[in-house]
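Structure record follows, encoded as structure tokens.
The values are calculated or read from the model by the stated rules, or taken from the named source; none is laboratory data. The structure displayed is predicted, hence computed values, not measured ones. Positions of Cβ are backbone-derived with ideal geometry, glycine not excepted, and every protein chain shown enters the neighbour counts.
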Amino acid sequence: MRDNLIFSGISEQANENTELVLQEFISEELDIDEEVRFERVHRLGPPQDDYDGDTAPRPRAIVAKFSSYKQRELIRRSGPKLKGKHFGINEQYPKEIVNTRKMLLPAYRDAKKKKEKVRFVADKLYVNDRRVYPEDVQTPMEDMPTDEDDREGPTPGSRENVDDRRYSRYDYRTGAQRTTYRGNGRGRGRGRGRGRRPWRR
């Protein structure tokens, strides 16, 4: 999973070419014009059956395996360009890390609400530069890991409850209407840090 990234909030069309959709997103939203090469690109989870016409009301996240780790890092570090938009870019982690992050999610949300300095580093959470351990957190039942987490979807820190907005515009290359991506959420950057004492609520 070292070469993988997960993209969330990108509108989903029936019978789409997901790799092309992602290429256009990278070009238009991240302002990256160089050719990005992938090993594979696909939506996470089973296909939906509640399309509104040809559009999925709750678009599934896209997971992409990059051919080049250098390009993968270029895309990941461009995440701050999505600030103020309803998209997210996250690393894909093994199931154990995903589950640990979910257990730490209540502390993450609480710290964000209090406007404290908070960041995830893989499966480690730091609040005001002090590490928070899973045993310090009382996890609500709705945040407990479930079997559905095997799909390894977007992890804490990404935007949630996607309500993507689509607009169509004239494509001068094909003479057809084409979908563009617009929204009002935000992406996030990543930080690094270390702490020595557990933070307790």
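Structural remarks
- Considering A56, A61, the condition of being closer than 28 Å to P94 by Cβ, at pLDDT 90 or above and surrounded by 13 or more Cβ atoms within 10 Å (Cβ to Cβ) is satisfied by A61 alone.
- Candidates K85, K113, K124, filtered to the one that is at pLDDT below 95 and in contact with an Asp or Glu (Cβ under 8 Å, 6 or more places away or on another chain): K85
- From the list L74, L5, L30, L20, the one residue that fits, being aliphatic (A, V, I, L, M), modelled with pLDDT of 90 or more and over 16 Å from I89 (Cβ atoms), is L20.
- Top-ranked residue in segment 82-91 [being of a type outside the set (V, I, T) and within 14 Å of the chain's Cα centre (by Cα); ranked as surrounded by the fewest Cβ atoms within 10 Å (Cβ to Cβ)]: K83
- Among the residues of segment 92-129, those identified as in contact (Cβ under 8 Å) with a residue 12 or more places away in the chain, buried (at least 17 other Cβ atoms within 10 Å of the Cβ) and part of a strand (DSSP E or B) are R119, F120, L125, Y126, V127.
- Within segment 23-82, the set of residues being in a helix (DSSP H, G or I) and among the hydroxyl-bearing types (S, T, Y) comprises S27, Y69.
- Beta carbons closer than 8 Å, at least 6 apart along the sequence or on distinct chains, pair a first residue in segment 6-35 that is in contact (Cβ under 8 Å) with a residue 40 or more places away in the chain and farther than 15 Å from A64 by Cα with a second that is crowded, with 19+ Cβ neighbours inside 10 Å and among the aromatic types (F, W, Y) for S11/Y181; E28/Y181; E29/F87; E29/Y181.
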